[in-house]
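Take a look at the structure set out below.
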Amino acid sequence: MSMKQPLFRDTFLEIDLDCIAFNIRQIRAAANPGVCIAAVIKANGYGHGALEIAPVLMENGADMLAVATLGEALELRQHYPSYPILLMGLTPDDYLPYVVKNQIIQTIDRLSQARRLSQLAFEYGTTALVHIKVDTGFHRIGFPDTPQALEEMKEIFALPNLTVQGIFSHLALTSEEENERQFQRFLDVISALEAAGCRCPYHHIADSISFVDYPEYQLNMIRPGAILYGLKGFHIGHLDLKQALSFKTKISHISHIKKGEGVGYDYLWRAERDSIIGTLPFGYADGYPRNMRDKGFVSIHGQKAPLIGVLCMDQCMVDLTDIADVHLGDEAIIYGNGEHGTLDIDSAAKLAGTNKNEIVSRLTARPPRVYKKDGAITKVVLGEHF
Ligand SMILES: *Cc1c(COP(=O)(O)O)cnc(C)c1O
């Protein structure tokens, strides 16, 4: 299939759907038999495009999709009427009717919302599905470690028109001792509930890192995010994965400057020799970290071209002096999989002083997303403001 849809610019994100399929199959193969996999595709699938990757994940081993906000859940629901969608964040009271009407599986950590969902489900003639969140130490959301919270959770199990489908918590990944303490605390809550006859199908605490590093924390459900995209955050365990995303552009302008001349705002870079400067049409408004100045590089003809001067909103400059035979329109790889001298997302995160998930989720809607399967372009998605 040829690329019929014009991109209107030379800067774009390329997402290899075969890598996504490979990664979820690897996760399925590594997971214990029967474990429910909720593929985390919040923040537009970590920048990869939630709508495009959702079916690839569901057709290659995921059982459920997980997102962070109601808007993300509703967008998925609109396109995929039958995929189970777990909303891992809280929803403000006023918007709970949307949750029930659209069969979103809602995370709750208070009795009042459970009652409201139960009532709404009665009104709409349906059943509300919830996962109860337990705070085991992270102190973000979740029922606290108190006798009153336990009583409230028990009451939730007894509500009509509401099914507790799961109970979950989240690890802070501070240390092995603390992980173990959080995990035991979580198991204690489950036991206390079960002793009172409150049982639910799914128990889960593992994200990507905990799934790979501590397979014993799988229980019967996991919530991998980063590893779906081939971002390897683990340290102890190992899983072979393929980075699905690359970020590409083309040289839009070439300047020949004399020793001593400056480049960019405040001339913050000055030529120490006669130099060839390349301009590239991407900038921090595309989601590239502005603090990559003096640290980042792109790969041109397999060689590193360092970013020089201050990164602009829409363009940046690189030093081409040491790269042979460069021409206007030559490809520059901003993020690659590390091969051919490209900067992979892990290395980009280290240079920018952040983590891999931030590098990809901060990619904005401006760069078009180009999807590939079997080496051919299958779809192009332009953002709202490209
Ligand atoms: C984002 C998120 C995940 C996935 O995290 P990764 O580190 O990307 O695997 C899992 N669980 C919750 C509650 C999350 O918010």
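Before moving on, here are some points about what is shown:
- Global geometry of segment 244-326, whether rounded, prolate or oblate, following the gyration tensor of its Cα atoms and the 1.5 cut on a/c: oblate
- Cross-link partners of Lys304 among lysines (Cα-Cα below 18 Å; sequence separation of 8 or more within a chain): Lys248, Lys250, Lys295, Lys350
- Rounded, prolate or oblate (a/c below 1.5 giving rounded, otherwise prolate when a/b exceeds b/c) for segment 308-386 by Cα gyration tensor: rounded
- Extension gain, Tyr80 back to Asn32 (0.36 nm per residue minus Cα-Cα distance, nm): 14.5 nm
- From helices alone, the chain scores -8500 deg cm²/dmol at 222 nm; the rule is -39500 (n - 2.57) for each run of n ≥ 4 DSSP H residues, then divide by the residue total.
- Estimated vicinal HN-Hα couplings, Hz - segment 191-196 in sequence order (Karplus 6.51, -1.76, 1.60; Gly, Pro = x): 5, 4, 5, 5, 4, 9
- Bridgeable aspartates and glutamates around Lys154 (alpha carbons under 15 Å apart, same-chain partners fewer than 8 residues away excluded): Asp109, Asp145, Asp188, Glu194.
- Phi-derived couplings, Karplus 6.51 cos²θ - 1.76 cosθ + 1.60 at θ = phi - 60°, listed residue by residue for segment 29-36: 5, 7, 6, 4, x, x, 5, 7 Hz, with x used for Gly and Pro.
- Relative to the longest principal axis of the Cα atoms of the chain, the long axis of helix 147-158 lies at roughly 80 degrees.
- The mean sequence distance of close C-alpha pairs (under 8 Å, at least 6 residues apart), as a share of the length of the chain, puts its relative contact order at 18 percent.
- Segment 12-100: C-alpha gyration tensor shape, a/c 1.5 cut-off, then a/b vs b/c: oblate
- Asp93-Thr163 FRET efficiency (beta carbon distance; Förster radius 25 Å; 0.05 resolution): 0.80
- Under 5 Å from the amide H of Asp135 lie the amide H atoms of Phe143, each residue being 5 or more positions distant or on a separate chain, with H modelled from the backbone and absent for Pro and chain starts.
- Taking a point 7 Å out from the Cα of Asp10 in the direction of its Cβ, the residues of segment 316-358 whose backbone N falls within less than 19 Å of it are 316-336, 342-343.
- Under-5 Å amide H pairs with Leu162, H placed in peptide plane, nonlocal only: Ala128
- Phi-derived couplings, Karplus 6.51 cos²θ - 1.76 cosθ + 1.60 at θ = phi - 60°, listed residue by residue for segment 327-344: 9, 3, x, 5, 6, 10, 9, 7, 10, x, 8, x, 6, 6, x, 7, 8, 7 Hz, with x used for Gly and Pro.
- Placed amide H near Ala66: partners under 5 Å, 5+ positions off or other chain: Ala39, Val40, Ile41, Leu86
- Selection from Gly278, Ala39, Phe168, by position along the positive dipole direction of the chain (Cβ): Gly278
- Accessible surface computed residue by residue for segment 312-386, with neighbouring protein chains in place and a 1.4 Å probe, gives 49 Å² per residue.
- Backbone N atoms of segment 91-124 closer than 14 Å to the 7 Å Cα→Cβ label point of Thr146 belong to residues 110-112.
- The residues of segment 146-271 present an accessible area of 46 Å² per residue when probed at 1.4 Å with all protein chains retained.
- On segment 130-238, 53 percent of the accessible area sits on carbon and sulfur atoms, based on a 1.4 Å probe.
- Degrees, to the nearest 10: 50-59 long Cα axis against longest axis of the chain: 60 degrees
- Model label points for His238 and Ala172, set 7 angstrom from Cα along the Cα-to-Cβ axis, are 3.1 nm apart.
- Cα-based helix-to-principal-axis angle, 70-79 vs the chain, degrees rounded to 10: 80 degrees
- Label zone at Glu194, where the point sits 7 Å out along the Cα-to-Cβ direction: segment 20-56 residues whose backbone N lies under 20 Å: 32-37
The values are calculated or read from the model by the stated rules, or taken from the named source; none is laboratory data. Keep in mind that what you see is a predicted model, and the values were worked out from it rather than measured. Note that we place each Cβ from the backbone using ideal geometry, even for glycine, and neighbour counts take in every protein chain shown. With ligands, DNA and RNA removed, areas are computed over all heavy atoms of the protein, side chains included. Shrake-Rupley method; radii C 1.70, N 1.55, O 1.52, S 1.80 Å.
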